[in-house]
Each structure stands twice: as C-alpha cells, then as structure tokens.
Amino acid sequence: MQEPQLTPELIAAHGLKPDEYASILQIIGREPTFTELGIFSAMWNEHCSYKSSKKWLRTLPVDGPQVICGPGENAGVVDIGDGQAVVFKMESHNHPSYIEPHQGAATGVGGILRDVFTMGARPIAAMDALSFGRTDHPKTPHLVKGVVEGIGAYGNAFGVPNVGGEVRFHPSYDGNCLVNAFAAGLADADKIFYSAASGVGMPVVYLGAKTGRDGVGGATMASAEFDDTIEDKRPTVQVGDPFTEKCLLEACLELMASGSVISIQDMGAAGLTCSAVEMGDKGGLGIKLILDNVPQRETNMTAYEMMLSESQERMLMVLKPEKEAEARAIFVKWDLDFAIVGETIAEDRFLIVHRDVIMADLPLSKLSSSAPEYDRPWVETPPAAPAPALPPIAPIAGLRALIGSPNHAHRAWVWEQYDTQVGADTIRRPGMARASCACTAPARRWPSPATSPRVTSRRTRSRAASRPWPRPIAT
C-alpha cells in the first residue's frame, strides 16, 4: 500500500508544529516517511514526552531511603521491609473517558495494572478518583454511568479489589471529566524487573493479545484539545479485555520466575513504538523490528497502524535466547501470543521492516532525548481576597443545602458496583466507618440452622443445613 504524501495539513493533524517538523528534518536530514511521521508524532506528543511538564516534574522530590525505583520506569517501587516492596502507579485516562466513557475508564484500569505487574508485582488493590461536572449538565449522567461501569467491569473481571477513592462534582468539569486510576502490588524487593534492554543480538519478543486497529493514534489524541469533531476520535480509544489481562498477569509472573527475562515493557501509549524505543534508549541500544511477525487480528494492517496501535493486553520483552522454548511454552499454556518480532542492535537505530521494505530508519535516541521541551507562560495566582461576611442562613435551610449537595451524598451507588473483597485480603472496605471495622465490630448472634423456628419441614431442614450460615465476628 502506497503511503500518503506529506502535506502541512497532514503534519498538523499529527500534532506537530512547523518548528517541530523542522527539527525532525534537521535530525534525519531528509523528509520522513508516513510511518516515521507517525512515530515522531507519538513520541513527541505531550502524553509520551511530557514536553510541557518536564520542567515542573523535575522539581518534585523523588529520592529517599525507602525508594527502590523512582520516576522513569513503569511504576514506582518503595521498600516496606521484610524483603518486600510495594509497587504502585497512578495515571489519568481523561480524554479516552470523555470520548468513550466505558472503554476509556476500563482501559485506564487495565493500563496501570499492567504497569504494576510489568515490574514483577502481583496487583493487590485498586482505587480511583473521579471528577464530573454539575449533575444537571447534559453530558454528566452519560459520563458518570459509563466511567463507573467501565472501572467495575475491568477490575471485577480481572480480580483486583477496589478499596477506595473519591467522586466529586463541580462546574469546572462540565462535559470534561477527570478519571484518575491507581493500582498497587507486592513484590520481593530483590526481584524487581526493569525495562532497559541489554546485550546485542538479543531477541525482542511480543507477548499477549493480538494487534488490531483500535487505539491507533491514541497518544496523539490524548494530547489534543477537543472540539465539535470529538465523535470522529472515537476509534482512537482502546478496547480492553480483562480476562486476557488476567492470563497475561499469570503468564508474565511465571515467565519472570523462570529467569527468562532480560527486560520487559508494557505496551501502553503509542504501543509498539513507545515500548521499543524506551527499552532501547534506556539500554543505550538500537532496535530492529520485523512487523511481518507481529500477531495481528485484522488483515492488511500497515506498518503505520501496527506501530501506532494501542491494542490492550500486550507486552514487549528482551529474552535470554537459551530460554526461548521454556518461555514460549508458558505463553502457549496460557493461550497467549508469543512471537519473536526483532532484535537488539548495537547501532543507534530504530529500524522497522515490513514485507521486506524498510518503513522507518531513525536514530532511536533522538525519538526520546530530542523531544522538544517547553517553558509555557504562566501567571501566578493572586492572593485570595478576604472572604466577605456570610449572610445569615437559617439552620434548616443550611442543612437542606448540605444534604442536597451531590458532593455530600453517600457514594454506595459507586463502590457497590466494584468488587471490594476479591482475594479475601480487604480489612477495611469502602463505606465502613472506622468504628465498625471488622476488627473492632461486636459479635453478632446468628440463629443456628438446627434451632431456627423457620426450619419446619424436612425439605427446609435439608436446604438450611447446607447453607453457609454466617458466624459471629471475632472481637
């Protein structure tokens, strides 16, 4: 398939400004191919390069005696003693949730779960912080329903308890919600896995689900401003499958225990492009990919589509060559794809081959290290003016205003849609006041099936005897 001719309109549609495109021409010394334009667009957008926030992120504290791994990897790692570490990640999935609330929120949960177990940890808990506009805004009911259902659908099926979070409503979020998801996992402190590739000629292995056209250009979409054409961006939202992700979790942890992994990286934003570039750049190596070997669930996919697809439940790994048969057997057992799609190379190159044609040949390190950085203009918030005296409020009217506010309403309608106790490790679940925590609640007497006056027939006695009757809670 012939690639389209690059035009200023096409370049702008990829989120690249004229001066950024001029930098690309200077770096590679020629006009990029369409696939190369897509790769630069993915790696240089706000979502992947943090080009507007790097300046401020560098000012945050990141070191400490308990910090095993700070920024730069899939998730943070903190030593909690006894040879264990907690691995945690929080990220937003705002734009995808705005376009397609259910799948946008669901894949936000799936993404951070992969970030956690990519580091070698088993996820043990999830949380979420959601912000919506006014309840009478026409888009709010649609967003609330879809986001809450999406979080519950993915987390419940995957099997991680959702143990807390927050929901708020404010005019600032009218029609443009914030969806922040958090996940935490446990790992042995000396068995953390990282993404930096090492060794020349090592096989690069594709793991997990097949690649489709869902989410193509999703990272660029996540960096864009929205307008009346928002519905046209719906195909850029990924579609998740929590059951496949559960299999991927178990396969990855088994793979890690086998000693097969040199490095491993989740395919998140920008999919195959970002995962390969990050692995190579952190290890000071180049990467060669043969796209004909990429497992595909759709026919006639182009190099551009495969490199920018954000299909979910996928990983990229650098494998110890002598462990190939053992590693492949693990993924075959879990009914997941395992394909050698490339190798590490000594040169600073990101080489993409499809149908024996070189579709991209770029300096790999420049895709991340040379991304533009901006110091955006900002205005300091002026000091708050003294609050005016409040008018007198009738106590009953004040009480009605408080209890009528959605920000003071009970949140059971949200967390009751989440599985909060899967895994049987939750001590204090959402909605429990501290005084009524299971560890301090008074014992409650339950009727014995043998003495209950409701057991009046042989059939009833038989059914009652087999029922798992509740027992008093230990104090």
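What to note about this one:
- Listed residues His170, His14 arranged by accessible area, highest first, probe 1.4 Å: His170, His14
- In the range 11-133, a dipole from Cβ-located charges (positive for Lys and Arg, negative for Asp and Glu) runs towards its positive end, and of Met90, Trp56, Gly110 it is Trp56 whose Cα lies farthest in that direction.
- Computed from Cα atoms, the angle from the helix 18-28 axis to the main principal axis of the chain rounds to 60 degrees.
- Asp19 accessible area, assembled protein chains, probe 1.4 Å, Å²: 90
- Ranking by accessible area, most exposed first, for Cys48, Cys252 with a 1.4 Å probe: Cys48, Cys252
- With a simple spin-label model that places each label point 7 Å from the Cα along the Cα-to-Cβ direction, the separation between Leu399 and Ser258 comes to 6.6 nm.
- Using a Förster distance of 22 Å, the FRET efficiency for His142-Val78 (Cβ separation, nearest 0.05): 0.05
- Here the chain yields Rg over Rh of 1.03, to two decimals, using C-alpha coordinates and the Kirkwood radius.
- Basic side chains Lys and Arg get +1 at the Cβ, acidic Asp and Glu get -1 at the Cβ, and with that the dipole of the chain about its Cα centre reaches some 3080 debye.
- Sparse-neighbour loop sites [chymotrypsin sites (Phe, Trp or Tyr not before Pro); the range 104-173; at most 15 other C-beta within 10 Å; DSSP]: none
- Degrees, to the nearest 10: 324-333 long Cα axis against longest axis of the chain: 40
- Considering all different alpha carbon pairs of the range 235-377, the Kirkwood hydrodynamic radius works out to 16.3 Å.
- Note on the chain: helix-only mean residue ellipticity at 222 nm, from DSSP H runs of 4+ residues weighted -39500 (n - 2.57) and normalised by residue number, equals -9500 deg cm²/dmol.
- Cross-link pairs exceeding 19 Å between alpha carbons, from the set Lys51/Lys366; Lys210/Lys366; Lys210/Lys246; Lys89/Lys210; Lys89/Lys366; Lys246/Lys333: Lys210/Lys366; Lys89/Lys210; Lys89/Lys366.
- Computed lengthening from Leu390 to Ala12, 0.36 nm per intervening residue step minus Cα-Cα distance: 131.0 nm
- Kirkwood Rh (inverse of mean 1/r, distinct Cα pairs), the range 73-143, angstrom: 13.9
- Sparsely packed loop sites in the range 296-335 (the GluC sites (Glu not before Pro) outside DSSP H, G, I, E and B with at most 10 other Cβ atoms within 10 Å) do not occur.
- Between the range 40-94 and the range 269-297, the alpha-carbon center distance in angstrom: 21
- Simple spin-label estimate for Gln5 and Asp63 gives 5.5 nm between the two label positions (7 Å along the Cα-to-Cβ direction from each Cα).
- Solvent accessible area, Å² - His354, 1.4 Å probe, full protein context: 20
- Contact order for the chain, expressed relative to its length and based on alpha carbon pairs under 8 Å spaced 6+ residues apart, stands at 19 percent.
- Spin-label pair Glu324/Arg122, simplified geometry with 7 Å Cα→Cβ offset, distance in nm: 3.2
- Under 5 Å, built H, 5+ apart or other chain: amide partners of Ala360: Ile352
- Relative to the longest principal axis of the Cα atoms of the chain, helix 140-158 runs at roughly 90 degrees.
- Building the convex hull from the alpha-carbon atoms of the range 267-338 and averaging its projection over directions returns 5.4 nm².
The values are calculated or read from the model by the stated rules, or taken from the named source; none is laboratory data. Keep in mind that this is a model prediction, so the values were computed, not measured. As a convention, Cβ positions derive from the backbone with ideal geometry for all residues, glycine included, and neighbour counts pool all protein chains shown. Heavy atoms of the whole protein, side chains included, go into the accessibility calculation; ligands, DNA and RNA do not. Shrake-Rupley method; radii C 1.70, N 1.55, O 1.52, S 1.80 Å.
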